[in-house]
Amino acid sequence: MKKRLAGFLFILGMMFPLSVFSAVPLETVKAHVNRVFEVLRDPALKGETANKAKRGKIRSISEEMFDYTELSKRSLGQNWDKLNPDQQKEFIRLFKSLLEDTYADKVTSYTDERVIFKKEISLSEKTVEVQTTVVTKTSEVPINYRVIEKNGEWKVYDVVIEGVSLISNYRSQFMEILANKTPEALLETLRKKVGKGPTR
Amino acid sequence: MNRMPSVILLLLLLSLFLLILNQTVAIAASIEPYDSPAREEERTSRLLSPITETDPIENEQPPLVVVQQKGSGKEDPAQEIPDEQKGFNAEEKEEEAVLMADPLRPWNKAMFLFNDKLYFWVLKPVTLGYTYIAPEPLRMILNNFFDNLRAPGRFVNNLLQLKMKAAGNEFVRFVFNSTAGLGGLADAAKDLLHIQKSPADFGQTLGYYGIGHGFYLVWPMIGPSSPRDTVGYIGDRILYPLSFLSFTEISFGVSSVIFVIETVNETSFQIGDYEAFKEAAIDPYVSLRDAYFQNRKKAMEK
């Protein structure tokens, strides 16, 4: 009797670590990326005409995958406070549009790349970096997703491609622009950029 | 071949010059030049000056050095800092913007524009034509061939950076790919032995020994660089076997043609990358500068 109980508890104990290391952030990102690949590989969505539908679907997936508020705040950094609440809202809207278009464009040009999900490392209490490698024909590109936990959900707030952090890169651009121009001028630049629409 | 010693001497002199230049520019720009991880601690502890507010209407001249204000100014005890913001500031220190002096901005900007036109008017059309004629398997084989030629350079630089395992890997890769891989046409070491490439270049090696970038420098055709990475590039080309030959047996014309084929072949796998990058950027010039230094920093940390 005791042996059986011990055995049962042992198995129970073995299961516990498994649930702790279920790698929720990694699984979350993986699920989103897989959905995007599904859209890309969908035979019903091939060809030029289906492009719009394809991009629409990818946009809605990226909406769930990314935390655009966090992305926007971190890309502006210290300059976030230079914008009033209305400007901040508009900035998030415009920046989101820019990123979604860019992401959709880039991703729809993929042909036979593979994504390998490697591991996740903890950055801080609420943030984790999910490390992946995208295998192309001639190279292996390390792409890391930094996710933050909010309301029990893990969302992406930064993408690091070959060591280049997206929000760092935009931060340096915005810093330079806002050193010379007003926030309103920045918004105008963004409006024009986003208004151009997809070029492909 | 008897030119080699003098070239190596030249490289050493250039490195010394760089070291001096580095310090001079640092004093002139009042900012610590970006350099090796060993000096990272020093740099992060320095107080950085806030961004100078320039008159938005009259003065269109962008600042020479863009400096980010650290979160330290925000610790007002009277203010309630919400949890989110706290985490945000802490991580900002971790993700601090890679600061880089850009004293030659007019030149750099001009070169950037030149390279941009060069890509769209020359390199891209030629590459697209090439892609039309040359089937992908052939281009892949050529890619392997050229990449194998860069292995001696990777080997030497890994050695200089005391990365023994990586150096060993590159040695094995070079020998195996040149023999079993039929003169480097196939990356047999990766496919059969599962030994991956260990990238290392001379610019990285210089950084390892504490030589900082100095400042941003854009060259026509080669693209973004810095004084340190330029010396690095020269060093790499010297270790490139085809350069050996061009000193002796092959004429300048032939080696130029090989260089063009190498460049076009490599570009054939990268069409669309630059376009996508430009589309994503709000200021492509700044974006490229920042991306270049972030990428170089990451390469050093490996």
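The numbers here are math on the coordinates, done by the rules we state, and not lab data. Only a predicted model underlies this, so the values are computations on that prediction, with no experimental measurement involved. Glycine also receives a Cβ, built like all others from the backbone with ideal geometry; neighbour counts cover every protein chain displayed.
When only DSSP loop residues count, what trypsin sites (Lys or Arg not before Pro) in the stretch A:70-110 have their Cβ near at most 15 other Cβ atoms within 10 Å?
none
Which of the GluC sites (Glu not before Pro) across the stretch B:167-267 are loop residues per DSSP, with 14 or fewer other Cβ within 10 Å?
B:Glu249
Hey, could you pull the Cα Rg and Dmax for the stretch B:141-285, both in Å?
16.7, 48
Apply the Karplus parameterisation 6.51 cos²θ - 1.76 cosθ + 1.60, with θ equal to phi minus 60°, to every residue of the stretch B:185-200 and state each ³J(HN,Hα) to the nearest whole Hz, in sequence, with x for glycine and proline.
After applying 6.51 cos²θ - 1.76 cosθ + 1.60, I find 6, 10, 8, 5, 5, 6, 6, 9, 9, 6, 9, 7, 5, 10, x, 7 Hz.
Using alpha carbons only, how many degrees (0 to 90, rounded to 10) separate the axis of helix A:2-20 from the longest principal axis of chain A?
10
Quick check: net charge around B:Ile234, other residues with Cβ under 13 Å of its Cβ, Lys/Arg +1 and Asp/Glu -1?
Taking every other residue near B:Ile234 into account, the sum is -1.
Across the stretch B:256-264, in residue order, what do the Karplus-derived ³J(HN,Hα) couplings come to in whole Hz, using 6.51 cos²θ - 1.76 cosθ + 1.60 with θ = phi - 60° and x for Gly and Pro?
These are the phi-based 3J(HN,Hα) values: 5, 4, 4, 4, 5, 4, 4, 5, 5 Hz.
Around B:Gly214, which amide H atoms from residues at least 5 apart in sequence, or from another chain, sit under 5 Å from its own amide H, with H modelled in the peptide plane?
Counting only residues 5 or more places away or on other chains, the set is B:Tyr34.
Amide H to amide H, which residues 5 or more places from B:Trp219 or on other chains are under 5 Å from it, using H placed in the peptide plane?
Close amide H contacts, sequence-distant or interchain: B:Ser225.
GluC sites (Glu not before Pro), restricted to the stretch A:79-149: which are DSSP loop and have at most 11 other Cβ atoms within 10 Å?
Qualifying residues, ordered by number: A:Glu125.
Ranking request for peptides A:33-41, B:140-148: highest mean number of other beta-carbon atoms within 10 Å first, then the rest in descending order.
For the peptides A:33-41, B:140-148, the packing ranking is B:140-148, A:33-41.
In this model, which of A:Lys89/A:Lys155; A:Lys192/B:Lys109; A:Lys150/B:Lys278; B:Lys190/B:Lys298; A:Lys30/B:Lys197; A:Lys119/B:Lys297 are farther than 28 Å apart at the alpha-carbon? Each step should come with its number before you reach the end.
Details: A:Lys89/A:Lys155 19 Å; A:Lys192/B:Lys109 22 Å; A:Lys150/B:Lys278 32 Å; B:Lys190/B:Lys298 23 Å; A:Lys30/B:Lys197 26 Å; A:Lys119/B:Lys297 22 Å.
Flagged as over cut-off: A:Lys150/B:Lys278.
Read phi for every residue in the stretch A:113-118 and hand back ³J(HN,Hα) as whole Hz from Karplus 6.51 cos²θ - 1.76 cosθ + 1.60, θ = phi - 60°, with x for Gly and Pro.
Coupling constants for the stretch A:113-118: 6, 10, 10, 10, 8, 8 Hz.
If I take every Cα pair under 8 Å that is 6 or more residues apart in the stretch A:15-131, average their sequence separation and divide by the length, what percent do I get for the relative contact order?
Worked out over the stretch A:15-131, it gives 29 percent.
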